[in-house]
Structure formats: structure tokens, C-alpha cells
Amino acid sequence: MWIVVKYKTKELNLLLNNIKNLIGEMPEFCVPKIKYTKCFGKKNKIEESLLLEDYLICYHKRFSDKLTLFKLKYLKGIKYYLEGFLNQQNQIQSFVAYCKNHEHNGYISQDFFNDTNFKKGKFISGPFSNLVFNILENKKNKLKVLIGDFKTTINYRKDCFYLPI
């Protein structure tokens, strides 16, 4: 049974240990991360960011047990788990599979975002870092965007990460 948990950001390791102690073994976790280069003046720094911010997706067969869920609610490090996860198992499972298909060396690739349809985005790396853009045209290997009054084309294969907004 898949479950989506919102956790306290500074207590993630504590929560993982508490879940392991509650269940008796470590469940399967999905915590998609992205890795990108961020420019600070003339210096570049490699940054890491959690795709789901302070949400965690985990799987264990004991999450179908009501007593386990009741105890999970009161574990140290957890804010809450999303209600209605029982009815959304197929969607959660397909999202986890989608993440795993686009994961390379433990990080989500830009291909993860290229498959989605969106109208606006925000660059998180490269020369346009932190700028918001509108999509003019989405082609097979390129993305035509409008940044303010400036039109440009972004190649999907470059190290220029962006997120839909």
C-alpha cells in the first residue's frame, strides 16, 4: 500500500527510523531529487533539491492496516499523511514508476519535465536562473520560450533545468 506523508523537514531521518521501528522493517521510499548547477556571480555551485519538497512517498503492505495508520499519524517527525490515498493507489504507483523511469544516478533528469504540458516555467539553472518564461512552441528536441520580451530556444539535452509553474 502506497502512502504520501508530509514530514517536518529537519526530522526526516528521525521519521524514517520511527517508520522502520513501527513496521519492523524499512519500507520502500520514493523521494525524487534533482541536481543542477546554480550560478553565484562567477562561481558555479552544484545544488540538490527535493522535487516534492517535504513530501515522502512510501510503500509497505502494513499501511493497509488501520492500527498501523493510527500509530503512523502520531510518529515524531510527521505532520500528516494525505487522506484518500487508498483510492489513489494506481495514480501514486504510476507516478513512482514515472519517477524511476526518469531517474539517473539517483536524480531525476530534465526529461521528467519535458513530457508534461505546461504554459509557464521557471529556470533553476543556467544563464536564465530564477527567470520565469512562457512557452511559445514545444518541439521534439527544443522549447521556444519568451522571457519578458526576449525570445529564445532551449535545447532539451542541455544542462538548463526548469520547472513548470
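The values are calculated or read from the model by the stated rules, or taken from the named source; none is laboratory data. None of the values given here were measured: they were computed from a predicted structure. Don't worry about glycine lacking a Cβ; one is built from the backbone with ideal geometry, like all the others, and counts go over all protein chains shown. Each accessible area value is taken on the protein alone, full model and side chains, heavy atoms only, with ligands, DNA and RNA left out. Shrake-Rupley method; radii C 1.70, N 1.55, O 1.52, S 1.80 Å.
Quick notes on this structure:
- In region 5-25, residue farthest from the chain's Cα centre (by Cα) [restricted to those that are open to solvent by less than 30 Å² (accessible area, probe 1.4 Å) and aliphatic (A, V, I, L, M)]: Ile23
- Evaluation of Ile108 against (1) without any contact (Cβ under 8 Å) to a residue 40 or more places away in the chain; (2) closer than 24 Å to Lys10 by Cβ (one fails), failing number: (1)
- Scan region 17-34 for residues that are in contact (Cβ under 8 Å) with a residue 40 or more places away in the chain and more than 17 Å from Glu103 (Cβ to Cβ) and the total you get is 4.
- Taking region 40-54 as the range and being touching a strand residue (DSSP E or B) at 6+ places or on another chain (Cβ under 7 Å), part of a loop (DSSP other than H, G, I, E, B) and surrounded by 14 or more Cβ atoms within 10 Å (Cβ to Cβ) as the test, only Leu51 passes.
- Against the numbered list (1) in a strand (DSSP E or B); (2) surrounded by fewer than 15 Cβ atoms within 10 Å (Cβ to Cβ); (3) in contact (Cβ under 8 Å) with a residue 60 or more places away in the chain, Thr37 comes up short only at (2).
- Which listed residue, of Ile57, Ile78, is surrounded by 13 or more Cβ atoms within 10 Å (Cβ to Cβ), touching a residue at least 60 places away in the same chain (Cβ under 8 Å) and closer than 30 Å to Glu11 by Cα: Ile78
One line per residue, one yes/no per condition, for (1) open to solvent by less than 70 Å² (accessible area, probe 1.4 Å); (2) touching a helix residue (DSSP H, G or I) at 6+ places or on another chain (Cβ under 9 Å); (3) hydroxyl-bearing (Ser, Thr, Tyr); (4) in a helix (DSSP H, G or I):
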site: Lys71; (1), (2), (3), (4): no, yes, no, yes
site: Gln89; (1), (2), (3), (4): yes, no, no, yes
site: Gln93; (1), (2), (3), (4): no, no, no, yes
site: Ala97; (1), (2), (3), (4): yes, no, no, yes
site: Ser125; (1), (2), (3), (4): yes, no, yes, no
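- Verdict on Val145 being over 30 Å from Glu28 (Cβ atoms) and surrounded by 13 or more Cβ atoms within 10 Å (Cβ to Cβ): yes
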